[in-house]
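Student: Mind looking over this structure? Questions follow.
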Amino acid sequence: MNTTSRDAPLASVRVDGSRLWQSLMDLAQIGATPKGGVRRLALTDLDRQGRDLVVGWLRDAGTAVEIDGAGNIFAVRRGRDAKAAVVYTGSHVDSQPSGGKFDGPYGVLAGLEVLRTLNDAHLETTKPVGVAIWTNEEGTRFIPTMGGSGVFAKVHTLDYLLAQRDIDGVSFGEALRTIGYAGSAPVGERPVDAYFEAHIEQGPILEAEDKVIGVVTGALGQRWYDCAWTGQDAHAGPTPMEARHDALRGAARMVETVNAIALARAPDGRATVGFMQVKPNSRNVIPGQVAMSIDCRHPDDAALEAMDRELRDAAARIARELKLECEVRLVVAFPASHFNPECVSSVQRAAEMLGLSNRRIVSGAAHDAVYLSRVAPTSMIFVPCKDGISHNELEEARPEHVEAGANVLLHAVLARAGVA
Ligand code: GLV
Ligand code: MN
Ligand code: MN
């Protein structure tokens, strides 16, 4: 239901669920994959097309749009108090290589829907309300993950981010210029009153407990590593088994070890090897080099530290046993986040006012909200996704849940921004 009356009591204002759903489906056409997912890697031409589409919608909603030097986009709807810090919402529009329609776009388009709803209801907020689109949240084409919000929160310098290179050697800075999103606004010099991000849960808890809203209290800490194994390329036929320096054997043992390190800390610990590059990658050459990623997560920072020690010790032991060299390099690290209690409560109050079942939840995934929470009061709103599946083309969410989450976002934002 969309309430457009000038006189509607504030509590009865609702987003237009079908308009939001249509925007999600329209954006999902850009980079659509045959299985119904999305492949829209950061700073590719498809990312540009997605950004252009959403920026057009944000301008049509009457916002002033600015782009900063990291390619982050800020679209602000004026408030009565033009000088007040902005209440922001948002997320990202880049995707995983075989990603879904909701991870990222939901938070951005729920924000757009909030602005459209404020316009329809002729509501003037006291503080300005804005939508932010953060660059390279996924961390798949370029490391670090949450690159744009990381520079915004001064976790990284802009120079560091712009110098990162993808697997083909293209730098972040070149790619950003190529798609026309190297903006002139300074990164991070922007007062944020509060930040609320809507997202699908990406896990199974809400669905299993039949809850519509996850009131997000924080997120797991993470450490990402680049792990490089070096042995010696050699012929697969004449080289005796005992004379080999097979880098892929080292990596294979490490994959099992990484899994065991997290399993020993079940259910809180998580560890994944998701990327591997084998060189020279030829059927009849013993691999001389393997590059692999390791992603470790835990809600407790001391446990993350222990996981770090265990995986470094294991890499050294495996390298010794297999006569290889192994270098383990930490490339991303952030501790567990704890969101602002007042923002968390206002998400919960909005869910309750709307009569929506809810529970408090800790995010297993990282989000731009993790970095925003360092510079502004922050919380998130989760909605269920089918079978808890995400980072997968099959990612699916129900229209009524998508609408419910956007209504919670609307009322959390309204409570924070105030109505003039
Ligand atoms: C972000 O998608 C993450 O890795 O949690
Ligand atoms: Mn996301
Ligand atoms: Mn993601």
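Student: Specify the residue that is surrounded by the fewest Cβ atoms within 10 Å (Cβ to Cβ); the eligible residues are those in the stretch 347-365 that are more than 16 Å from ligand 1 (Cβ to nearest atom) and of a type outside the set (A, V, I, L, M, F, W, C).
Tutor: Among those residues, the one meeting the criterion is G355.
Student: Out of V131, V93, report the one residue that is within 27 Å of S390 (Cα to Cα), among the aliphatic types (A, V, I, L, M) and in a strand (DSSP E or B).
Tutor: Only one candidate qualifies: V131.
Student: Count, please, the residues in the stretch 134-161 that happen to be assigned to a helix (DSSP H, G or I) and either within 16 Å of ligand 3 (Cβ to nearest atom) or not aliphatic (A, V, I, L, M) (or both).
Tutor: Step one: list which residues in the stretch 134-161 are assigned to a helix (DSSP H, G or I), which gives 147-152, 158-161.
Narrowing the set further to residues that are either within 16 Å of ligand 3 (Cβ to nearest atom) or not aliphatic (A, V, I, L, M) (or both) leaves 147-150, 152, 159-160.
Residues that pass the stated criteria total 7.
Student: A further question on this structure: Kindly establish whether A11 is small (G, A, S), touching a residue at least 40 places away in the same chain (Cβ under 8 Å) and more than 20 Å from V108 (Cβ to Cβ).
Tutor: yes
Student: Between a first residue in the stretch 104-127 that is in a helix (DSSP H, G or I) and a second residue that is charged (D, E, K, R) and within 16 Å of ligand 3 (Cβ to nearest atom), which pairs have beta carbons less than 6 Å apart while being 6 or more apart in sequence or on different chains?
Tutor: Partner pairs satisfying both residue conditions: G107/E197.
Student: Counting only residues that are more than 15 Å from ligand 2 (Cβ to nearest atom) and among the polar types (S, T, N, Q), which one in the stretch 353-368 is nearest to A70 (Cα to Cα)?
Tutor: Within the stretch 353-368, the match that is nearest to A70 (Cα to Cα) is N358.
Student: Can you tell which of L330, L372 is within 16 Å of ligand 1 (Cβ to nearest atom), surrounded by fewer than 17 Cβ atoms within 10 Å (Cβ to Cβ) and of a type in the set (A, V, I, L, M, F, W, C)?
Tutor: None of the other options fit; the residue is L330.
Student: Separate question: Between a residue in the stretch 295-324 that is at negative phi and any residue that is in a helix (DSSP H, G or I) and among the basic types (K, R), which pairs come within a Cβ distance under 9 Å, given they are 6 or more apart or on different chains?
Tutor: Short answer, once both residue conditions are applied: A314/R253; I318/R249; I318/R253; E321/R253; L322/R249; L322/R253; L324/R249.
Bear in mind that the values in this text are calculations on the coordinates, not laboratory data. These numbers were taken from a predicted model, which means no experiment stands behind them. Note that we place each Cβ from the backbone using ideal geometry, even for glycine, and neighbour counts take in every protein chain shown.
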